Amino acid sequence: MMVRKDFPIFNIKVRGKPLVYLDSAATTQKPQVVMDTLNKYYSSQNSNVHRGVHYLSELATKEYEAAREKVQKFIHAKDSREIIFTRGTTESINLVAQTFGRERVQEGDEVLITHMEHHSNIVPWQILCSEKKAHLKIAPINQKGELLIDEFKKLVNPKTKIVGIAHVSNALGTINPIKEIVSFCHDHGVPVLVDGAQAASHLKVDVEALDCDFYTLSGHKIYGPTGIGVLYGKLKHLEKMPPYQGGGDMIKSVTFEKTIYNDVPFKFEAGTPNIAGAIGLGSALDYLSALNMEKVQKYEEELLKYMEEQLLTLPKIKLIGRAEKKAALQSFIVENIHPHDVGTILDQEGVAVRTGHHCAQPVMNFYGVPATVRASLGIYNTKEDISLLVLALKKVFEVLG
């Protein structure tokens, strides 16, 4: 896609070489329009929201709530009240675990996740299960990195109280069949939370079509600012859920004897929110919407296929995660060379990749490796970037044999 010019960071050089940024799964770069939006907010709109009657407060509130509506439209939610602003996917999952989950899960019950989950969709459920004396069940995957859907279905039973599953695996790129999973779980009376952190920047997300109960995403992974995220929840759930935190703006009335909580979504947004972050996220979604997410997905699919083909031309490269349906990343290892060493030499060539366990240690354990190299794509990447990655990997072979 001809969008690279929109991202100022590609004007810099890394160690005297052009920047090849292949770490978008960790965080995406930001288009100029998002930075302009943040600057505009702080220079001409800066005020707190919801509480003031003066001009700036009314303006900031209008922009903040407009951002909520942009999120609603982007993920095709039915009602803007179903959009909760959080710090990111991690907080969104914790919010559900500690409110909806805490009330629903009791001793002896089960929470079902998969073997490919990010730590953020493991640890909150571990905490809840430990507190409630419940059991965390794990649906298996195969060597290609795909969910064994029949085995998953066998694990759903009357004790299953909630399912948490990634839309796209951050370590493998696998796209899970969310609609099928949600439909099956709902047939058995089980609600589903979808971790959409790695999906929202690559796929057209329609929460109404998916019919999931909760969907989460992080602003910084979708070309927006850091420190802002979203929890989508069906209104019927959010209205019944207790507050996650207490403080200002999530209340209607407070006395020392009793507090009356605010309506959804404000009930879950205690304190001064990340106003600039939300408005910046809205700007990022405007930018992506103008590009058309179907075109984004098609472009990235072609680029991923090219990257896989080029990596396989090299000796000693083993691809980790070969699912039939994947989003824009590829993990791999280089025979007899630690991923951290690979990443260090790539950096010397101006190529930024992620090395490590990617906050998915159970995935690494499944493949019997301590870490992988992960090259992840964004809308600004090109075939030339992949050619430079391949050249840099050849340099790895030269230096480390």
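The values are calculated or read from the model by the stated rules, or taken from the named source; none is laboratory data. The structure displayed is predicted, hence computed values, not measured ones. Note that we place each Cβ from the backbone using ideal geometry, even for glycine, and neighbour counts take in every protein chain shown.
For the condition closer than 27 Å to Val14 by Cα and acidic (Asp, Glu), what is the one hit in Asp341, Asp286, Asp263?
Asp341
Please tell me if Ile113 is within 20 Å of Ser183 (Cβ to Cβ), surrounded by 13 or more Cβ atoms within 10 Å (Cβ to Cβ) and out of contact with any strand residue (DSSP E or B) (no Cβ under 6 Å at 6 or more places or on another chain).
no
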Quick check on region 185-193. Is at least one of its residues in a loop (DSSP other than H, G, I, E, B) and surrounded by 14 or more Cβ atoms within 10 Å (Cβ to Cβ)?
yes
How many residues, within region 145-163, are within 23 Å of Arg104 (Cα to Cα) and either outside any helix (DSSP H, G or I) or hydrophobic (A, V, I, L, M, F, W, C) (or both)?
10
Could you please find all residues in region 373-396 being of a type in the set (Val, Ile, Thr) and closer than 13 Å to Leu346 by Cβ?
Val373, Ile386, Val390, Val396
When you scan region 199-221, how many residues do you find that are touching a residue at least 60 places away in the same chain (Cβ under 8 Å), more than 19 Å from Glu117 (Cβ to Cβ) and in contact with a helix residue (DSSP H, G or I) (Cβ under 6 Å, 6 or more places away or on another chain)?
3
Out of (1) out of contact with any Ser or Thr (no Cβ under 6 Å at 6 or more places or on another chain); (2) under 25 Å from Phe397 (Cβ atoms); (3) buried (at least 17 other Cβ atoms within 10 Å of the Cβ), the one Tyr299 does not meet is (2)
Go through Lys258, Lys234 for me and flag whichever is at pLDDT below 95, charged (D, E, K, R) and more than 28 Å from Thr27 (Cβ to Cβ).
Lys258
Of (1) touching a strand residue (DSSP E or B) at 6+ places or on another chain (Cβ under 7 Å); (2) assigned to a loop (DSSP other than H, G, I, E, B); (3) closer than 19 Å to Ala327 by Cα, Pro243 satisfies all except one. Which?
(3)
Could you grab me the full set of residues in region 109-147 that are on the phi > 0 side of the Ramachandran plot and either free of Cβ contacts under 8 Å to residues at least 40 places away in the same chain or among the acidic types (Asp, Glu) (or both)?
Lys133
Mind checking whether some residue in region 3-25 is assigned to a loop (DSSP other than H, G, I, E, B), of a type in the set (Lys, Arg), over 26 Å from Val192 (Cβ atoms) and within 20 Å of the chain's Cα centre (by Cα)?
no
In region 331-348, is there at least one residue being touching a residue at least 40 places away in the same chain (Cβ under 8 Å) and under 13 Å from Asn170 (Cβ atoms)?
yes
Region 31-144: strands (runs of 3 or more DSSP E) wholly inside it with 1 or more residues that are of a type outside the set (A, V, I, L, M) and under 28 Å from Ile279 (Cβ atoms) are 83-86
So Asp150 ticks every box in (1) in contact (Cβ under 8 Å) with a residue 12 or more places away in the chain; (2) more than 17 Å from Gly101 (Cβ to Cβ) but one. Which box is left unticked?
(1)
Qualifying residue in region 210-224 (condition: out of contact with any Leu (no Cβ under 9 Å at 6 or more places or on another chain), of a type in the set (Ser, Thr, Tyr) and either in the same structural domain as Gly282 (by TED's automatic domain parsing) or not in a loop (DSSP other than H, G, I, E, B) (or both))
yes
